[in-house]
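This report concerns only the one structure given below.
The values are calculated or read from the model by the stated rules, or taken from the named source; none is laboratory data. Just so you know, these numbers come straight off a predicted model, no measurement behind them. Quick reminder, even Gly has a Cβ in these numbers, built from the backbone with ideal geometry, and neighbours come from all protein chains shown.
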Amino acid sequence: MATTKAAAEQRHQQQAPPYPRAARISDSQCYPQYAASLKCLEKFNSEKSKCQEHFDVYKECKKKEREARLERNRNRSLFS
């Protein structure tokens, strides 16, 4: 049984994405805004118009996060 568990764990590690932090929304700096927009949708029974402010805040956060990532990539040298 321990062998089976170890084999399953090894298969899971092999299938993990090469950039695990980028693969999970919970690792994003914008997760609180994401969670707030979902909570708003739950509160107002999926009535999107009442949650537009939350969506806009999340969208702006994602935009800033993307710009920061692009800037980091621009500053990274391919030859260092």
Long-range neighbours under 9 Å by Cβ, at least six apart or interchain, first residue part of a helix (DSSP H, G or I) within the range 52-80, second surrounded by 12 or more Cβ atoms within 10 Å (Cβ to Cβ) and among the basic types (Lys, Arg): 54/39; 55/48
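Please tell me if residue 52 is at pLDDT below 95 and either within 15 Å of the chain's Cα centre (by Cα) or not small (Gly, Ala, Ser) (or both).
Details: at pLDDT below 95: no; either within 15 Å of the chain's Cα centre (by Cα) or not small (Gly, Ala, Ser) (or both): yes.
When the stated conditions are applied, residue 52 does not pass them.
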Within the range 1-29, considering residues that are part of a loop (DSSP other than H, G, I, E, B) and either of a type in the set (A, V, I, L, M) or at pLDDT 95 or above (or both), the one nearest to residue 69 (Cα to Cα): 16
